[in-house]
Amino acid sequence: MSSPLRLPDPHPREAREPRRTRPPLRLAPRRRPRPPKVPFVVVVALVALGGVVGLLLFNTSMQQASFAASALERHAGTLAAREQKLQMELEGLRDPQRVARAARDAGMVVGRSTCFLSLADGATSGPCTPATAADGMPIEPQPQARPGVLDPAPTYVDPPAEQNQVGDTGSRGGAGDARGSRNDPRGADRGARDRDRDRGDDGTARGRRGGATR
Amino acid sequence: MSRARPSLRGQSVLRLRVAMVVIAMALSVLGARLVQLQGVDPDSYAEMAAAEGTVDAVLPAQRGEILDRNGVALASSVDGMMVVVNPQLVDEDAAPELARLLADRLDVDYFDTLTQVRDQRYQFRYVARRVPSTVANETLEAVEDAGFDGLSLEEDPVRDYPAGDVAANLVGFMGAEGEPRAGLELTFESMLHGTDGEARYSTGGGNRIPLGETSTVDPVDGEDLTLTIDRDVQWFVQRALRNAVEGADADSGVAIVQDTRSGEILALADHPTFDASQPLLSDKADLGSRALSDVYEPGSVQKALTLASLLDAEEVTPTTRITVPSELESGDTVIGDYWDHDTLRLTVAGAISQSSNIGTVLAARRMDPERLHDYLVGFGEGAPTGVGVGGESTLPLPDGEVWTPMAADRIAFGQSVSVNALQMTAGINAIANGGVYVSPSLVRGSATTAAGDEVGTDEVERRRVVSEVAARQTSDVLEQVVDPETGVAPGAAVPGYRVAGKTGTAQRANDECNCYDGTLTVSFGGFAPADDPRFTVYVAVQNPRNGGGGGSVGGPAFSSIMGQLLRHYSVPPTNSSPAELPIEW
């Protein structure tokens, strides 16, 4: 034994008191029965498990609430947007110009006279004349004149003079064709008006010529 | 055994050393990494971590509304969205179909949209801006249902002007980026805008993480601005004015309605004007309010103020007799009347109601010119009205050495003095209000302009300019102007009511030639009921080309507007008769 510790002598009393053979009896402390470990472990395990599961459930419910909150927020946003849209539509319907147009289309005009009725005696005061259609007030702007580029003045070309008709092969007839083709897409009434004007011009031109020849 | 021991010991020492070296190496790697993370570049990883799943959202403050006196919105804000596309995420073959879907849903041009959607050079292209959020969300859902990718929405508030051009001259408009560009939107920007808030939260799968980082600063919404304008009256005045301007083939016109007692502006119309929702479609010169930005010589309407001053100073009475020559020398110039006449014998009432320049000058010469100056200052001439609309221009009254007797002569009948339409309205309103000037106001309550001025009905100034008797007498004289037989503007009369008013037909000063260029400003200002005034209406039309004057152009417009006002506010007729004043003697 290479241990540096000195162990006590195991039989020192025997050496001194060899007669004593029986060790003195003493009341041993009553050994408590150790509580069984299993229930404790089970309880701890249950508590831990319960905690974990509870936490998980709690977390899950928080998540659920979060999903619900997000969905509700989106829903609220949609509803708010819809309310605003309806409000906008309402404001559009309340637009005085729209109301005035509807009133005009229903045949209403702005009254020009004021009539007050006294409820006490049924008397009226003020010029109580009913409004007529002539009292109407224009509520639309006058149509804007188109700039000259978009609305060129029509050019009127005299038909070729009789003496030219035979020999005239050139530019005037061509110009007339070009004018005719340009007028066509502008609408029939405009073309008809132009033709009327042309006829009128023709008439006077012929008349003048007639006078001159006479 | 004894031989194995040292080798075992040696092995464990060796193992320990090796392990220590390995651990030391590992620790120094970790240490180096620690220094790198914490010392060299501490923020980038924190940012990367934060960016992963953390949302920083701006919570935009709702812009305050601009309301009329009855709480009807003239300008309101609506949640809007911009629809943006990342073309790099859009399949080339799917582009036409996506563009068609967007064009149908958002009412945008198909070919423009197709170009944007196909533009592979960019990751961000606008498809549509300021789309109401319901429409935007429905579109996004439809696009996602159809299986397209690359489309997203961003906040883009919409400013809505439900009544289009009604009061647009006052309210102003917003620019493309949501910044105020003109009118009250600009003047009261700080009040209307509010303060944006911000939210920062962690998300996972589109939902907030409940216990994640979260911080919210709530936005402070802008305050509403309530005007004294009545939208329905404003609409009517704008239409009546447009008819007057178009009927006279004129350049422009203004019409103003003021509540006589409170000084509140019920309507302030300009023509031509613009649609606040589409300001770019109008001429740039029409995007403001000429009633405040244009100064001009008022002409004969000024005679009403001169008369009130003379009556207050007790220099004349309405029946004072004046001998009116055919022309009158004033310094080195000659003053004439608009009609040729021999020497007339007019009363003061006659001189004013017939709008005789010479008669007015002769009456005004009875008073010290300096005193007339003080009266006109009292009526608000030369000083801005300060109603809160930006860009108000005024010219000072001639003063000191410039205030010569000749200048005083001309100013007495409305030349050589420049006003804006609102100044003139407020001046006439002082006569209507029994001689007490009430500063006009456009804002209900009190509000602070961008320049820091407090304006509004709470800040109204009142001052007596002329006595109640003088105002009453002036009103009696002005009633002769609309007299159906002797007056010069019978067209301004309102059937059933007593109306007092004055015509004005002024030559327009041309800045370029520094002369009168032959064009005219025609106007009519007045109030009703004359014996218990409720409203003051002033109409001025610039450069009518139909040969009309204040009576024939301004008068009917005045009558139409005043009649509508009296009906709209149910003002009963006073059922009294106008004073009979002699015109001649």
Can you name the residue in the stretch B:139-150 that is of a type in the set (D, E, K, R) and in a helix (DSSP H, G or I) and, of all such residues, is farthest from the other protein chains (Cβ to nearest Cβ)? B:145
Can you find, within the stretch A:143-158, the residue that is nearest to residue B:237 (Cα to Cα) among those that are in contact with a helix residue (DSSP H, G or I) (Cβ under 7 Å, 6 or more places away or on another chain) and either surrounded by fewer than 11 Cβ atoms within 10 Å (Cβ to Cβ) or of a type in the set (Ser, Thr, Tyr) (or both)? A:155
Does residue B:106 fit the bill of being modelled with pLDDT under 90, under 24 Å from residue B:125 (Cα atoms), more than 14 Å from chain A (Cβ to nearest Cβ) and surrounded by 13 or more Cβ atoms within 10 Å (Cβ to Cβ)? yes
Residues of the stretch B:355-397 classified as charged (D, E, K, R), touching a residue at least 12 places away in the same chain (Cβ under 8 Å) and not in a loop (DSSP other than H, G, I, E, B), total: 2
Mind checking which residues of the stretch A:71-99 are under 21 Å from residue B:231 (Cα atoms), charged (D, E, K, R) and more than 8 Å from chain B (Cβ to nearest Cβ)? A:89, A:98
When the stretch B:55-101 is examined, which residues are found to be under 20 Å from residue A:78 (Cβ atoms) and not in a strand (DSSP E or B)? B:60, B:62, B:79
Could you tell me which numbered condition residue B:509 fails, if it satisfies all but one of (1) at pLDDT below 90; (2) more than 27 Å from the chain's Cα centre (by Cα); (3) outside any loop (DSSP other than H, G, I, E, B)? (2)
Residues to consider are B:532, B:483; find the one that is farther than 18 Å from residue B:292 by Cα, free of Cβ contacts under 8 Å to residues at least 60 places away in the same chain and not in a strand (DSSP E or B). B:532
Residue count, the stretch B:241-254, condition more than 14 Å from chain A (Cβ to nearest Cβ) and buried (at least 24 other Cβ atoms within 10 Å of the Cβ), comes to 1
Please work out if residue B:270 is assigned by TED's automatic domain parsing to the domain that holds residue B:550, touching a residue at least 60 places away in the same chain (Cβ under 8 Å) and in a loop (DSSP other than H, G, I, E, B). no
If only one of B:238, B:278 is at pLDDT 90 or above, assigned by TED's automatic domain parsing to the domain that holds residue B:463 and not basic (Lys, Arg), which one is it? B:238
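Residue-by-condition table, conditions (1) outside the structural domain of residue B:236 (by TED's automatic domain parsing); (2) closer than 18 Å to residue B:472 by Cα:
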{"site": "B:532", "(1), (2)": "no, yes"}
{"site": "B:540", "(1), (2)": "no, no"}
{"site": "B:543", "(1), (2)": "no, no"}
{"site": "B:551", "(1), (2)": "no, no"}
{"site": "B:556", "(1), (2)": "no, no"}
{"site": "B:563", "(1), (2)": "no, no"}
{"site": "B:578", "(1), (2)": "yes, yes"}
{"site": "B:584", "(1), (2)": "yes, no"}
Could you give me the residue pairs with C-beta distances under 7 Å whose first residue belongs to the stretch A:94-106 and is closer than 12 Å to residue B:165 by Cα, whose second residue is in a helix (DSSP H, G or I) wherever it lies, and which are 6+ apart or on separate chains? A:96/B:231; A:96/B:232; A:96/B:235; A:97/B:235
Only listed residue being closer than 17 Å to residue B:581 by Cα, in contact with a helix residue (DSSP H, G or I) (Cβ under 6 Å, 6 or more places away or on another chain) and assigned by TED's automatic domain parsing to the domain that holds residue B:420, chosen from B:477, B:499, B:522: B:477
Pick from the stretch B:79-99 the residues that are surrounded by fewer than 22 Cβ atoms within 10 Å (Cβ to Cβ) and in contact with an Asp or Glu (Cβ under 9 Å, 6 or more places away or on another chain): which of them is nearest to residue B:226 (Cα to Cα)? B:79
Identify the single condition in (1) more than 21 Å from residue B:60 (Cβ to Cβ); (2) more than 11 Å from chain A (Cβ to nearest Cβ); (3) not in a helix (DSSP H, G or I) that residue B:169 does not satisfy, given that it satisfies every other one. (3)
Restricting the search to the stretch B:457-470, which residues are in contact with a Leu (Cβ under 8 Å, 6 or more places away or on another chain) and buried (at least 19 other Cβ atoms within 10 Å of the Cβ)? B:466, B:470
Name the residues in the stretch B:545-576 that are within 14 Å of another protein chain (Cβ to nearest Cβ) and part of a loop (DSSP other than H, G, I, E, B), would you? B:545, B:546, B:569, B:570, B:571, B:572, B:573, B:574, B:575, B:576
Say we look at the stretch B:114-138 and pick out the residues that are in a helix (DSSP H, G or I) and within 11 Å of chain A (Cβ to nearest Cβ); which of these is surrounded by the most Cβ atoms within 10 Å (Cβ to Cβ)? B:136
Residue under question is residue B:426, and the condition is that it be in the same structural domain as residue B:332 (by TED's automatic domain parsing), in contact with a strand residue (DSSP E or B) (Cβ under 8 Å, 6 or more places away or on another chain) and assigned to a helix (DSSP H, G or I); does it hold? yes
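Quick check on the stretch B:56-70. Is at least one of its residues without any contact (Cβ under 8 Å) to a residue 40 or more places away in the chain and over 27 Å from the mean Cα position of the chain (by Cα)?
No, the stretch B:56-70 contains no residue that is without any contact (Cβ under 8 Å) to a residue 40 or more places away in the chain and over 27 Å from the mean Cα position of the chain (by Cα).
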List the residue pairs whose Cβ atoms are under 7 Å apart, where the first residue sits in the stretch A:122-134 and is surrounded by fewer than 13 Cβ atoms within 10 Å (Cβ to Cβ), the second is in a loop (DSSP other than H, G, I, E, B), and the two are 6 or more positions apart or on different chains. A:124/A:115; A:128/A:113; A:128/A:115; A:133/A:109
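The values are calculated or read from the model by the stated rules, or taken from the named source; none is laboratory data. Keep in mind the model is a prediction, meaning the values are calculated, not measured. Cβ atoms come from the backbone with ideal geometry, glycine included; neighbour counts cover every protein chain shown.
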